[in-house]
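What follows is a short report on a single structure.
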Amino acid sequence: MSASPRRRWRTILTAAAAAAVVATGLTACGSGSGGSADAVRLGYFPNLTHASAIIGVQEGLFQKELGAAKLTTQSFNAGPAEIEALFSGAIDIGYIGPSPTVNAYVKSKGQALKVISGSASGGVELVVKPSITKAADLRGKKIATPQLGNTQDVALRYWLKQQGFTTTKDGGAGDVHITPQDNAVTVDAFGTGAIDGAWVPEPTASTLVKAGGKVLVDERDLWPGRKFVITNIIVRTDFLQKHPDLVKAVLAGQVAANQLIASNPAKAQADVVTALGKLTGKKPNAALIAEAWKTIDFTNDPLASTLVTGANHAVDVGLLEKPNLKGLYDLTILNQVLTAAHQTTIPEPST
């Protein structure tokens, strides 16, 4: 591995850490980074793996719980960009994958955020050209991920390493060439043959299958019990401390959204189709959404042990130093909400 990619990666993480320090400093000075007592800024992705957030917004479940406090939202393509927004104080709470969660927590020395709930498990596949029938066929091929260092990027690199392949952070060398890019770009690139496949979340994975691809790896098959955290919910620590009532309202909306998903999946899927059309400018095929839906489990459990395993995978592929994750989770408010909803509470993880 050349020095240039390593420096680039360190620069990304250093910038994120610096942003966290700035945000912390602003909070100490009493500026707006602590958030407002009458507003919540929520971040999430236009992915099926973020359906709890999408439905919570679409059905007005968050706003109902927030009452007079105003909800504003912002969508992101992948975790690192959302973390930048969280560090800068542009959002207060975010639905996000485990890898950027860990990176942000480590780089802020455990100060910037807390994981306050789970949201979803599964919903990720490696989709490739039909001519690729086994792992060995990937040698020399170009495979896309949503962003360097995001959850799918780590998962792909770790899986490739297990298959005996080498990769580089800049993607230009190694046995398999990894190309981080927006999911929308990935769909077009696959159609033109610019890439040979992608390790991506739903509905991008099913969109690639519809475009002629085939599933080579269903990531669920790589985990015990076929369960792994794909989306959890994080909050800026200072926002949690200053506005626990607003955090509780958002989590009540989250629990209500997952209840709707469980009780009326047809309605939930229709909501997602409508919302994704607004978010991406292109309404997805309802049948495609229904098929992709089968790969995802929606759960308020953050599945903390799988986050720790994923962090170890990032260490193994050279994207992270061994992390100290003590104090990452705070499920106190979630368990209050679950108790009020007559649902089973979740033991506090011992990370």
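When residue 301 is tested against (1) touching a helix residue (DSSP H, G or I) at 6+ places or on another chain (Cβ under 6 Å); (2) surrounded by 14 or more Cβ atoms within 10 Å (Cβ to Cβ), only condition (1) is not met. The residues on offer are 222, 216, 208, 251, and the sole one that is open to solvent by less than 10 Å² (accessible area, probe 1.4 Å) and either over 30 Å from residue 336 (Cα atoms) or of a type in the set (Phe, Trp, Tyr) (or both) is 208. On the stretch given as the stretch 139-148, residues that are under 19 Å from residue 204 (Cβ atoms), over 17 Å from the mean Cα position of the chain (by Cα) and open to solvent by 50 Å² or more (accessible area, probe 1.4 Å) total 2. Please work out if residue 232 is in contact with a helix residue (DSSP H, G or I) (Cβ under 7 Å, 6 or more places away or on another chain) and at pLDDT below 95. Judged against the criteria, residue 232 is not a match.
If the condition is being among the aliphatic types (A, V, I, L, M) and either within 19 Å of the chain's Cα centre (by Cα) or within 17 Å of residue 93 (Cα to Cα) (or both), then the stretch 46-68 contributes 48, 51, 53, 54, 55, 57, 61, 66.
Cβ separations smaller than 6 Å between residues 6+ apart or across chains give the following pairs from the stretch 42-60 residues that are farther than 14 Å from residue 120 by Cα and in contact (Cβ under 8 Å) with a residue 40 or more places away in the chain to residues that are among the β-branched types (Val, Ile, Thr) and part of a loop (DSSP other than H, G, I, E, B): 43/91. Against the condition surrounded by fewer than 17 Cβ atoms within 10 Å (Cβ to Cβ) and in a helix (DSSP H, G or I), how does residue 266 come out, does it pass? Taking the combined requirement at face value, the residue satisfies it.
Working carefully through the options 335, 324, find the one that is in a loop (DSSP other than H, G, I, E, B) and surrounded by fewer than 22 Cβ atoms within 10 Å (Cβ to Cβ). Of the residues listed, the single one that is in a loop (DSSP other than H, G, I, E, B) and surrounded by fewer than 22 Cβ atoms within 10 Å (Cβ to Cβ) is 324. Just so you know, in the stretch 120-145 the residues that are in contact with a strand residue (DSSP E or B) (Cβ under 6 Å, 6 or more places away or on another chain) and among the polar types (S, T, N, Q) include one that is nearest to residue 164 (Cα to Cα), and it is 145. Residue under question is residue 136, and the condition is that it be open to solvent by 20 Å² or more (accessible area, probe 1.4 Å) and either small (Gly, Ala, Ser) or assigned to a loop (DSSP other than H, G, I, E, B) (or both); does it hold? Yes; evaluated as a whole, the condition is true for this residue. Restricted to the stretch 269-298, and to residues there that are open to solvent by less than 60 Å² (accessible area, probe 1.4 Å) and in a loop (DSSP other than H, G, I, E, B), the residue that is farthest from residue 205 (Cα to Cα) is 284. Only residues that are touching a Lys or Arg at 6+ places or on another chain (Cβ under 7 Å) and in a strand (DSSP E or B) were counted across the stretch 78-110, and they come to 0.
Residue 348 meets the stated requirement of being over 24 Å from residue 125 (Cα atoms), assigned to a loop (DSSP other than H, G, I, E, B) and touching an Asp or Glu at 6+ places or on another chain (Cβ under 9 Å). Evaluated against (1) without any contact (Cβ under 8 Å) to a residue 40 or more places away in the chain; (2) surrounded by fewer than 16 Cβ atoms within 10 Å (Cβ to Cβ), residue 178 falls short on exactly one condition, (2).
The single condition from (1) open to solvent by 60 Å² or more (accessible area, probe 1.4 Å); (2) under 20 Å from the mean Cα position of the chain (by Cα) that residue 166 fails is (2). Between 121, 131, 117, the distinction of being modelled with pLDDT of 95 or more and open to solvent by 10 Å² or more (accessible area, probe 1.4 Å) belongs to 131 only.
Yes/no matrix, rows are residues, columns are (1) open to solvent by 10 Å² or more (accessible area, probe 1.4 Å); (2) basic (Lys, Arg); (3) on the phi < 0 side of the Ramachandran plot; (4) at pLDDT 95 or above:
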residue	(1), (2), (3), (4)
57	yes, no, yes, yes
67	yes, no, no, yes
99	yes, no, yes, no
107	yes, yes, yes, no
111	yes, no, yes, yes
126	no, no, yes, yes
150	no, no, yes, no
156	no, no, yes, yes
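The values are calculated or read from the model by the stated rules, or taken from the named source; none is laboratory data. Everything numeric here is computed off the predicted structure, so don't read it as measured data. Cβ coordinates were reconstructed from backbone atoms using ideal geometry, including for glycine residues, and neighbour counts include every protein chain displayed. Accessible surface is based on the protein model in full, side chains and every heavy atom, while ligands, DNA and RNA are left aside. Shrake-Rupley method; radii C 1.70, N 1.55, O 1.52, S 1.80 Å.
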